[in-house]
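One structure is given here, and the rest of the page talks about it.
The values are calculated or read from the model by the stated rules, or taken from the named source; none is laboratory data. Please read all numbers here as calculations on a predicted model, not as lab measurements. In this analysis, Cβ positions are derived from the backbone assuming ideal geometry, glycine residues included, and neighbour counts consider all displayed protein chains. Side chains included, ligands, DNA and RNA excluded: accessible areas come from the protein's heavy atoms. Shrake-Rupley method; radii C 1.70, N 1.55, O 1.52, S 1.80 Å.
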Amino acid sequence: MNAPVSTSPIGSTAAADTTRAAPPYWLLAELTYRCPLHCVFCYNPVNYDSIKNELTTAEWFDVMQQARAMGAVQLGFSGGEPLLRDDLEDLVAEAHRLGFYTNLITSGIGMTEPRIAALKTAGLDHIQLSFQDSTQELNDFLSSTKTFELKKKIALLIKKYDYPMVMNCVLHRQNLPHIDKIIEMALELDAEYLELANTQYYGWAMKNRAQLLPTREQLQEAEATVERYREKIGKKCKLLFVVPDYYEDRPKACMNGWGAVFLGIAPDGMALPCHNARDLPGLSLPNVRTMPLDDIWQKSHGFNAYRGDDWMQEPCRSCSEKSKDFGGCRCQAFMLAGDPAATDPVCSKSPLRGKVDEIILVAANRISAKVVEQPMIFRTNANSRSLG
């Protein structure tokens, strides 16, 4: 996803049109918001239950064909849980026919041996399997399901069908103390990659931030543990550790720039420049049912609103690093500053950085004082309706 992006579609020998944005590199097909898990850190919209009318198989075929013609080369099937779509094998087969490199991002729930065999035959290239923790107790609590043992069986199936074992575990205050055990579990399952991505506070994670945000000391201890394991295991398993934005001095280059690399399609056909763009006020987001994909990418308000740097406020506008971080995350700016065009408040140059420091301090004080937290809000249809 971080590879260089061509300015013209694959196979084109024509000179680049400098009036056009470079084509998207990565297409994310969010096939459904339905999911058997109820994770407290899910990035899906908190009002997902109100988003109906999923794209049909034929409509997804059309989206993939248009995206491939534009130059997109990687395709992720996500959700919700994409295995809940009965046509997943057909979608994978069409993506393979078009020449996409395909990745299934899954909890594993719904995978069976006949199904993984069918996905292999259809041409699926890559499977990323999520765990919530290394223990059955916490894994099942955080997802409000009894799925831990099933996930381990799915991990064995993934290896049996000769896929690289790519594991993902979202980190936060509840499971950071187990990071060594999470790594050990990945090694026992013969994982080639383990993504240890600390929670970013959007969607359901934002609703549960008080219960999930770790202290700086917890993060430092966890990162030191990861470094020890990297030295110990060498190339046996690649460990990727992503620090939460709140603890950085500079914002991440969200999506590698707005409308630069990433094109997401929600279950209802809404086109998204980032996962949570539909939560931003004043943003007119197009739908693939009513607008061609190339026009969406090149001409729509939604994809041009924060493209480039004309929209930037100070200190971003005059910052020498704006071409590296693109002003940070627009969703985070909105949630913390109330303005999606503001400098991402996690940046030390932001006039609102103090607000982030206060959030961190409050979290540390609550933990040290052993404050009894409010119950976490699980991702359920009922909670979605009440929050939406």
List the helices (runs of 4 or more DSSP H) that sit entirely inside the stretch 50-161 and contain at least 2 residues that are within 30 Å of Arg20 (Cα to Cα) and at pLDDT 95 or above. 57-70, 88-98
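Rundown of residues vs (1) basic (Lys, Arg); (2) touching an Asp or Glu at 6+ places or on another chain (Cβ under 9 Å); (3) surrounded by fewer than 19 Cβ atoms within 10 Å (Cβ to Cβ), yes/no style:
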site: Glu137; (1), (2), (3): no, no, yes
site: Ser144; (1), (2), (3): no, no, yes
site: Leu150; (1), (2), (3): no, no, yes
site: Gln174; (1), (2), (3): no, yes, no
site: Lys181; (1), (2), (3): yes, yes, yes
site: Leu187; (1), (2), (3): no, no, yes
site: Met206; (1), (2), (3): no, no, no
site: Leu212; (1), (2), (3): no, no, no
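Out of curiosity, is Asn276 at pLDDT below 95 and open to solvent by less than 50 Å² (accessible area, probe 1.4 Å)? Reasoning before the result, please.
On the way: at pLDDT below 95: yes; open to solvent by less than 50 Å² (accessible area, probe 1.4 Å): yes.
For Asn276, the condition - at pLDDT below 95 and open to solvent by less than 50 Å² (accessible area, probe 1.4 Å) - is met.
Just the residues that are of a type in the set (Val, Ile, Thr) and open to solvent by 40 Å² or more (accessible area, probe 1.4 Å), please, taken from the stretch 35-67.
Of all residues in the stretch 35-67, those of a type in the set (Val, Ile, Thr) come to 40, 46, 51, 56-57, 63.
Those that are of a type in the set (Val, Ile, Thr) and open to solvent by 40 Å² or more (accessible area, probe 1.4 Å): Thr56, Thr57.
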Taking first residues from the stretch 374-388 that are closer than 10 Å to Asn208 by Cβ and second residues anywhere that are among the basic types (Lys, Arg), the pairs with Cβ under 6 Å that are 6 or more apart or on different chains are Ile377/Lys207
Restricting to the stretch 113-130, count the residues that are under 27 Å from Phe41 (Cβ atoms) and hydroxyl-bearing (Ser, Thr, Tyr). 1
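For Cys347, are the conditions met, namely being in a loop (DSSP other than H, G, I, E, B), crowded, with 19+ Cβ neighbours inside 10 Å and free of Cβ contacts under 8 Å to residues at least 40 places away in the same chain?
On the way: in a loop (DSSP other than H, G, I, E, B): yes; crowded, with 19+ Cβ neighbours inside 10 Å: yes; free of Cβ contacts under 8 Å to residues at least 40 places away in the same chain: no.
So Cys347 fails the test.
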Of the conditions (1) of a type in the set (A, V, I, L, M); (2) under 24 Å from Ile360 (Cβ atoms); (3) in contact (Cβ under 8 Å) with a residue 60 or more places away in the chain, the single one that Leu280 does not satisfy is (2)
For the stretch 340-356, give me the residue count where each residue is closer than 19 Å to Gln200 by Cβ and touching a helix residue (DSSP H, G or I) at 6+ places or on another chain (Cβ under 9 Å). 11
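For the stretch 76-112: of the residues being of a type in the set (S, T, N, Q) and buried (at least 18 other Cβ atoms within 10 Å of the Cβ), which is farthest from Cys42 (Cα to Cα)? Quick ask: steps written out before the conclusion?
The initial filter retains those residues of the stretch 76-112 that are of a type in the set (S, T, N, Q), namely 78, 102-103, 106-107, 112.
If we keep only those that are buried (at least 18 other Cβ atoms within 10 Å of the Cβ) as well, we get 78, 102-103, 106-107.
Numbers: Ser78: 12, Thr102: 22, Asn103: 19, Thr106: 13, Ser107: 12 Å.
This residue is Thr102.
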Is it the case that the stretch 117-133 has a residue that's in contact with a helix residue (DSSP H, G or I) (Cβ under 9 Å, 6 or more places away or on another chain), open to solvent by 10 Å² or more (accessible area, probe 1.4 Å) and of a type in the set (S, T, N, Q)? yes
In the stretch 355-375, the residues that are open to solvent by 50 Å² or more (accessible area, probe 1.4 Å) and either in contact with a Ser or Thr (Cβ under 6 Å, 6 or more places away or on another chain) or in a helix (DSSP H, G or I) (or both): Lys355, Asp357, Glu358, Leu361, Val362, Asn365, Arg366, Ile367, Ser368
